[in-house]
Amino acid sequence: MLNKIIVTLDGSKLAEKALPYAIQLANMLKGSILLVRVAEHSSVNTDTPQNIKDVLNNIETYLNQVQETITTKYLPPEQVNTIAMYGDPLNQLASLIELEKPAMVVMTTHGRSILPRMLVGSVANRLLQQTKAPVVLIRPTNLEDTSELAVVLEEPNSLSRHADRTRLVVTLDGTPESEAALVPAEMLARETGGTIFLLQVVPPIYTSDFSGNWYVYDVEDQSEAMLKAANDYLDTVETSLIARGLNCVKVVRVGNAADEIVDYARKADASFVVMATHARRSFGQIMLGSVADEVMRRSHLPILMVHTLGKKEVLPSEAPEAVTSK
């Protein structure tokens, strides 16, 4: 099974809200799910071999129950596996991702073992920095929900609306670093016959008077050079993707990055918003913990985050063949 999806769980109902998305992705990609739960180190006094064994047994029991619920209706047993781990969650997950090389990791931004509102940059960003796997972040819509898993799995979501054809809003800023987002976006679009919506947000140009007051020009007064550069850049990316057999649309907007991304994703009826985590610090930058965090708080769409490309990696627009996950 080439398209493996890792789902991180912590035993909480909120963490389980990632499962409907993971199941939908597994069906779309004809892939498998690996359910993972990591027990953190306890105190030195209780970190005995027997206690570790007991903790792992409890985790395995929980994961088996989740697996059984999923395989009774949504996926065949051979497509759902589990693994219980013990140690530092971040290091254990990073090691597992390196070993399994999944198509993506799916996780919620809330859980029992994390603060009421997880700082996206505190866990997911550190995980992204240590691995190359894209991470899909899900923000639960109801933090008080204690529904049983069978109920949660029936909840509609942005992927179930487009089960056959995903709609991916990919945010770019004109830099090679931001194009890391195109790699998983192309894979998803190709596997599902979906559409990629290329979005670049150009910030308004501010000026001040001698008294120190700041003003913003109207859209009509934006720098023609900036708008032309953004349109020319997206034209190049769009042309390349279309030539590679993908459905693609491009749009340039002017305004606050988070505002424009949220608004356009809503109007495009997006399945995902796809972002690179460390785009260069220039206009339209997309940074995990800033723009991505704001988009997530306001849209409830899953955000597919991917680490920026290394110098030796190849962008979809430069690769000779389609990009696929293995």
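Readers should treat all values here as calculations from the given coordinates under stated rules, not as data from a laboratory. Note that this is a predicted model, so its numbers are computed, not measured. Note that we place each Cβ from the backbone using ideal geometry, even for glycine, and neighbour counts take in every protein chain shown.
Quick notes on this one:
- Whether the range 223-273 is rounded, prolate or oblate, judged on the alpha carbon gyration tensor where a/c under 1.5 counts as rounded: oblate
- Using the Cβ of A94 as centre and a radius below 15 Å, the other residues enclosed give a net charge of -1, where K and R count +1 and D and E count -1.
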